[in-house]
Amino acid sequence: MQFYKKGIVAGFLSLAVFVIATAVLFGTVMTFMDVPDEIVGIAGTLILSTGCLLASYVSTQIIRNKGLMQGFIIAGIVSAVLLIFCLIANKALTVACFEKMICCTLFSVIGGIKGINTKHCK
């Protein structure tokens, strides 16, 4: 696991930067427009899922080994954090939280596979 630590940390840093930047951008747009609640939920899922794809891609580009496993590791950590937040906020596992966990897992695996199959350019 120590071998993967550098890539996973870099992946999570890219996830944090991406999610914060897009959430601030979407929040700014929402202040000037009347956005329905359904779009807010979908946008939150897409922002988090795309961040997971980016995190897995970056992690796999650094390590260059076992992209599928790295995708599942990142998805598992993100899903665990999401589950904790969901249980704190809602006191139960909701369908929306479960959908976000599934989307994060799918996007993370896709990012890991895409990262391992992309040529590394320096």
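The values are calculated or read from the model by the stated rules, or taken from the named source; none is laboratory data. Note that the coordinates shown come from a computational prediction; the quantities given were computed from them, not determined experimentally. Using ideal geometry, Cβ is built from the backbone for each residue, glycine included, and neighbour counts are taken over all protein chains shown. Only protein heavy atoms, including side chains, enter the accessible area calculation; ligands, DNA and RNA are left aside. Shrake-Rupley method; radii C 1.70, N 1.55, O 1.52, S 1.80 Å.
Quick one: Debye curve from the C-alpha atoms of the chain, no solvent, what's log10 I(q)/I(0) at q = 0.19, 0.22 Å⁻¹? Per q value, in the given order, log10 I(q)/I(0) is -0.98, -1.18.
Couplings 3J(HN,Hα) for region 13-20, derived from phi with the Karplus relation 6.51 cos²θ - 1.76 cosθ + 1.60 (θ = phi - 60°), are 5, 5, 4, 5, 5, 5, 5, 5 Hz, where x marks Gly and Pro.
Could you work out [θ]222 nm for the chain from helices alone, using -39500 (n - 2.57) per DSSP H run of at least four and dividing by all its residues? Round to the nearest 500 deg cm²/dmol.
Values: 4 runs with 104 residues, N = 122.
Value at 222 nm, helices only: -30500 deg cm²/dmol.
Can you compute the charge dipole magnitude of region 25-122 about its Cα centre, using +1 on each Lys and Arg Cβ and -1 on each Asp and Glu Cβ, nothing else charged? Give it in debye, rounded to the nearest 20. Can you show the working numbers first?
Details: 7 positive and 4 negative charges, 144 e Å.
Here the size comes out at about 680 debye.
Please compute the per residue accessible area over the chain with all protein chains in place, 1.4 Å probe, rounded to a whole number of Å². Walk me through the numbers before you get to the answer.
Working: 7620 Å² over 122 residues.
Counting only protein heavy atoms, the per-residue value for the chain is 62 Å².
Ranking I8, S49, F18 by Cα position along the charge dipole of the chain, where only Lys, Arg, Asp and Glu carry charges on their C-beta atoms, puts I8 farthest toward the positive end.
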